[in-house]
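Heads up, the thing below is written out as structure tokens.
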Amino acid sequence: MRILKTIKLIWTFYQNFLLYSMLITISCLVPFYNYGFKIFTVIFWFKIITLGISYYFVNEYKQREYYYYRNLGVSKYLLWTSTLTFDFSLFIFLIIQTYQFK
Amino acid sequence: MIHTLQADSIRLEFDGRIILSDIYITCETGKITGLLGRNGQGKSCLMKIIYGDLACEKSVRFDNVVQYEAFKKPDLLLYLPQFNFIPARLSLERIFSDFALDYLLFVNKFPEFASRRRSSIKQLSGGERRLVELYVIVKSKSQFAMLDEPFTHLNPIQVEKVRNLLLEEKCNKGLLITDHMFRHVAGISDHLYVLANGKTHLTKSEKEIETLGYARI
């Protein structure tokens, strides 16, 4: 029950940059589909840098909300490690799927 | 069993200017501790230090056990910051579910929220929003709660209800409160500290509040 509640809170936090991040991922998949691994290094770093930008802006504009999660026992560290790990894993998964589909 | 929260040996300085230097504050379950002080004296900083949010030289102890990052233990300490902290898009239903609180009990105390259950918190007025934030912190299970300006944005009727809520809830936890509506704070506090020139002063009479330069009585 506690784990489900934590996942729900992390998901709520992730919604802060979910749409933006999905758009970035899709915009990476299109050139990857067309050019394959020749362009992988570029889109890999593009994704990393945009995740860094997400981190900066959420930290800048949503930092007050951390108190909500903290008061519910979810630390800033947990919020970021779980959302960034999930987001990047999804990116890699979709890259693999695109490669196989191609 | 009575639990205690103690903070001392705190030293905070910004750009060489000493903000806090001689602090001793103690809070017990079953009691309300008030903290008064003029703007810029470091009340909010002190709360952030106790919460573990602001790093500096300090000793913060719960039942004599040192806790550097109390924010990691919401069963020990909850914190109401002076600004709105609940994500704006969340509904009241969701917020009460997250804090495992019964919405109907809230409506019994504040009937004006009866039809707002599905409203998002951003749809509420400033006072209503503050009331929800205050209620979830005060009513959630924890040994202590720190409230930074709990009366901000509240109308006089709400202030009266919040005073009663705090007096009721002190049976379940220790409360540390700071607010500029000092008569309300002084009226419900069992112990009252004034923070002046980086030091905490435990006051015994209203006259001392004046002597310490916080307010004219």
- Item | Per principal axis, descending, Cα span of chain B in whole Å | 49, 39, 38
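Just tell me how shielded A:69-79 is by partners: mean number of partner chain Cβ atoms within 10 Å of each residue's Cβ, no decimals. All intermediate terms of the calculation are to be shown ahead of the outcome.
Details: counts 5, 11, 17, 8, 5, 2, 3, 1, 1, 0, 0.
Mean number of neighbouring Cβ atoms from other chains: 5.
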- For chain B, the longest stretch holding no trypsin sites (Lys or Arg not before Pro) located in a DSSP loop with at most 13 other Cβ atoms within 10 Å is which? B:1-88
- Compute the projected area of the convex hull of the Cα atoms of the stretch B:64-129, averaged over all viewing directions, and report it in nm² to one decimal place. 5.8 nm²
- Item | B:Ser59 paired with B:Ala100, simple spin-label distance in nm, labels 7 Å along Cα-to-beta-carbon | 3.4 nm
- Whole-Å distance linking the alpha carbon centroid of the stretch A:28-102 with that of the stretch B:133-164 is 38 Å
- Task: Per residue of the stretch A:40-45, in order, report the coupling 6.51 cos²θ - 1.76 cosθ + 1.60 (Karplus, θ = phi - 60°) as ³J(HN,Hα) in whole Hz, putting x for Gly and Pro.
- Result: 4, 4, 5, 6, 4, 6
- Segment B:Phe14-B:Val107, extension gain: residue separation times 0.36 nm, minus the distance between their alpha carbons: 29.1 nm
- Task: Figure the gain on full extension for B:Arg183 and B:Val66 (residue separation times 0.36 nm, minus the Cα-Cα span) and round it to one decimal in nm.
- Result: 38.8 nm
- For the stretch B:108-149, what's the radius of gyration and Dmax over Cα atoms, in angstrom? 11.5, 32
- Message: As a test of the formula, what do you get for chain A when each DSSP H run with n ≥ 4 contributes -39,500 (n - 2.57) and the sum is divided by the residue count, at 222 nm and rounded to the nearest 500 deg cm²/dmol?
- Response: -28000 deg cm²/dmol
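Roughly what % of Cα-Cα distances in the protein assembly as shown sit above 32 Å, to the whole percent?
Working: 19309 of 50721 pairs.
Here the long-distance tail beyond 32 Å is 38 percent of all Cα pairs in the protein assembly as shown.
Among the chymotrypsin sites (Phe, Trp or Tyr not before Pro) within the stretch B:162-217, which fall in a DSSP loop and have no more than 16 other Cβ atoms within 10 Å of their own Cβ?
Passing both the DSSP loop test and the Cβ count: no residue.
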- Where does the stretch A:1-47 land on Rg/Rh, using Cα atoms and the Kirkwood Rh? 1.22
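Only the coordinates and a few stated rules stand behind these numbers; no lab work does. Given the structure is predicted, the values throughout are model-derived calculations rather than measurements. Note: ideal-geometry Cβ built from the backbone for every residue, glycine included; neighbour counts use all protein chains shown.
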